[in-house]
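No value in this document is a laboratory result; all are computed from the given coordinates. None of the values given here were measured: they were computed from a predicted structure. We place every Cβ from the backbone using ideal geometry, glycine too, and count neighbours over all the protein chains shown.
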Amino acid sequence: AAGVIQSPRHLIKEKRETATLKCYPIPRHDTVYWYQQGPGQDPQFLISFYEKMQSDKGSIPDRFSAQQFSDYHSELNMSSLELGDSALYFCASSFRDSYNYGYTFGSGTRLTVV
Amino acid sequence: ELKVEQNPLFLSMQEGKNYTIYCNYSTTSDRLYWYRQDPGKSLESLFVLLSNGAVKQEGRLMASLDTKARLSTLHITAAVHDLSATYFCAVEETSGSRLTFGEGTQLTVNP
């Protein structure tokens with residue numbers, strides 16, 4: 001079965017650089033979520049999109065932005081990177097149907113800022 | 001603001017023993033998830049609990065949900081080393097909304 005695809009798997013950037021993370025949800029899933037997981041921490045919600053519109057926003061820094069495109073893939077853009085942005089970034093997708101449930105997480109992108 | 005608390009945060013147990021991980025949450029919800037995460041890996045879905053009194057079992061793991069008490073449990077029976085991982089519970093306030101995770105329980109099963 002198709003899963004949530006994230007790219008790249010690993011990314012090393014220097015401080016003040018920019019990074020773009022990509023997420024390809026499961027086909028027919030209409031909602032995409034982004035989470036950030038710092039070392040030894042639980043995943044923290046950043047932002048979500050439902051049918052290509054932003055549906056919810058969590059603790060996402062102003063330096064970050066995201067969007068969902070017409071083919072439903074999503075990108076998380078991160079600018080002016082800081083050391084503290086080093087984390088695992090997960091994308092998840094779901095189908096917003098009351099008789100369906102569950103989120104599928106991608107393998108994550110490990111971002112290291114040096 | 002929804003808060004989700006797990007305990008214990010660290011659990012070291014011997015193979016063959018039983019133990020329970022607890023997940024408390026602060027608001028009404030009838031949708032709770034359990035995930036397993038190996039170091040540096042993704043979140044693997046274990047259980048989805050959608051109603052009060054829901055109980056699900058898979059192998060040596062059993063999860064239950066009491067929405068009135070706002071409590072879920074993950075029971076481990078006769079632990080084996082392969083169960084060593086971090087286990088997260090996560091609560092979904094409404095269908096399709098964000099997940100709020102507990103802090104995670106780092107389980108180590110010793111031979």
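Using the Kirkwood formula over every pair of different C-alpha atoms, what hydrodynamic radius in Å results for the range A:8-114?
14.0
Which of the trypsin sites (Lys or Arg not before Pro) found in the range B:41-111 are in a DSSP loop and have at most 14 neighbouring Cβ atoms, other than their own, within 10 Å?
Numbers: sites: B:K41, B:K56, B:R60, B:K68, B:R70, B:R98; in loops: B:K41, B:R60, B:K68, B:R70, B:R98.
Answer by residue number: B:K41, B:R60, B:K68.
Regarding the protein assembly as shown, what is the average projected area of its C-alpha convex hull, in nm²?
Mean projected area for the protein assembly as shown: 12.4 nm², to one decimal.
What are the chymotrypsin sites (Phe, Trp or Tyr not before Pro) within the range A:52-114 that DSSP puts in a loop, where the Cβ has at most 12 other Cβ atoms within 10 Å?
When the chymotrypsin sites (Phe, Trp or Tyr not before Pro) of the range A:52-114 are filtered for loop state and at most 12 Cβ neighbours within 10 Å, A:F69, A:Y99 remain.
7 Å from Cα along Cα→Cβ at both B:T108 and B:L71: what's the point-to-point distance in nm?
The answer from the label model is 2.8 nm.
Using the Kirkwood radius built from alpha carbon pairs, what does the Stokes-Einstein equation give as D for the range A:12-57 at 25 °C and 0.890 mPa s, in µm² per second?
Using the Kirkwood radius from Cα pairs, D works out to 194 µm²/s.
Taking 7 Å along the Cα-to-C-beta vector as the label spot, tell me the A:F69-B:H81 distance in nanometres, rounded to one decimal.
Computed distance between label sites A:F69 and B:H81 equals 4.5 nm.
Are there GluC sites (Glu not before Pro) in the range B:1-75 that DSSP puts in a loop and that have at most 14 other Cβ atoms within 10 Å, and which ones? Can you show the working numbers first?
Numbers: sites: B:E1, B:E5, B:E15, B:E44, B:E58; in loops: B:E1, B:E15.
Listed in order of number, the matching sites are B:E1, B:E15.
How high is the FRET efficiency from B:S26 to A:S59, r the C-beta distance, R0 25 Å, rounded to 0.05?
Calculated value: 0.90.
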